[in-house]
Amino acid sequence: IVEYHDRDIEAVPTAENTEYQLSKQSPPFGPKQHSLSSHQPQGPGFQINGHSVSWANWKFHIGFDVRAGVIISLASIYDLEKHKSRRVLYKGYISELFVPYQDPSDEFYFKTFFDAGEFGFGLSTVSLIPNRDCPPNAQFIDTFIHTDAGKPVPLKNAICVFEQYNNIMWRHTETGIPNEF
């Protein structure tokens, strides 16, 4: 142990109401809910050409790496006013997503973690099962993983791409100014 901070004393939870097995949960996490169907009669609003995805005025490349997992790269948006594409992301990894779930106090701020930064996030990738891991309107992309000896191994349905309508995510208004957003 290099360093130890003991600031607060927390009571250890009792066994009552601490059963987290799915079979023991009650709604909304318990018994399976009714299924939801995603249907796009005119087809998806995106196009996939190899590993390049076009959707609305967005274009990006989807890649894969055993260390990093899914990689989004060369993401650009077409600016309708300037009539040209603008790059907004060169390369982004889910494995490098910062998750600040520790104590928010000042003395713990320097102790931040990448959840899977150097672990090998892509090692946990398995073939996705249509209609179980991804909705019916998903399209799949295959990739390769490699063995410890460097031999390539194909992995079918490693990535799925789909559209999902989630309604308005955020809206802002001011009190005293009705109907202005």
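The values are calculated or read from the model by the stated rules, or taken from the named source; none is laboratory data. Predicted, not measured: the structure shown is a model, and the values here were computed from it. As a convention, Cβ positions derive from the backbone with ideal geometry for all residues, glycine included, and neighbour counts pool all protein chains shown.
Tabulated results
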read-out	value
Residue list for segment 35-72, filter: exposed (fewer than 11 other Cβ atoms within 10 Å of the Cβ), of a type in the set (S, T, N, Q) and without any contact (Cβ under 8 Å) to a residue 24 or more places away in the chain	Ser35, Gln42, Asn49
Test: Gly150 is at pLDDT 85 or above, out of contact with any strand residue (DSSP E or B) (no Cβ under 8 Å at 6 or more places or on another chain) and in a loop (DSSP other than H, G, I, E, B)	yes
Residue pairs meeting the criteria (Cβ under 7 Å; at least 6 apart or on separate chains; first at negative phi and of a type in the set (Lys, Arg), in segment 73-88; second part of a strand (DSSP E or B) and surrounded by 14 or more Cβ atoms within 10 Å (Cβ to Cβ))	Arg86/Ser76; Arg86/Ile77; Arg87/Ser76
Close pairs (6 angstrom Cβ cut-off, 6 or more residues apart or separate chains): of a type in the set (A, V, I, L, M, F, W, C) in segment 122-144, surrounded by fewer than 13 Cβ atoms within 10 Å (Cβ to Cβ) and part of a strand (DSSP E or B) anywhere	Phe144/Pro152; Phe144/Pro154
In segment 96-128, residue modelled with the lowest pLDDT [restricted to those that are more than 30 Å from Asp6 (Cα to Cα) and polar (S, T, N, Q)]	Ser124
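Residues are listed down the side, and each one gets a yes or a no for (1) farther than 30 Å from Leu155 by Cβ; (2) under 25 Å from the mean Cα position of the chain (by Cα); (3) at pLDDT below 90; (4) among the hydroxyl-bearing types (Ser, Thr, Tyr):
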{"position": "Arg7", "(1), (2), (3), (4)": "yes, no, yes, no"}
{"position": "Glu16", "(1), (2), (3), (4)": "yes, no, yes, no"}
{"position": "Pro28", "(1), (2), (3), (4)": "yes, yes, yes, no"}
{"position": "His39", "(1), (2), (3), (4)": "no, yes, yes, no"}
{"position": "Gly43", "(1), (2), (3), (4)": "no, yes, yes, no"}
{"position": "Gln47", "(1), (2), (3), (4)": "no, yes, no, no"}
{"position": "Ser52", "(1), (2), (3), (4)": "no, yes, no, yes"}
{"position": "Phe64", "(1), (2), (3), (4)": "no, yes, no, no"}
{"position": "Tyr78", "(1), (2), (3), (4)": "yes, yes, no, yes"}
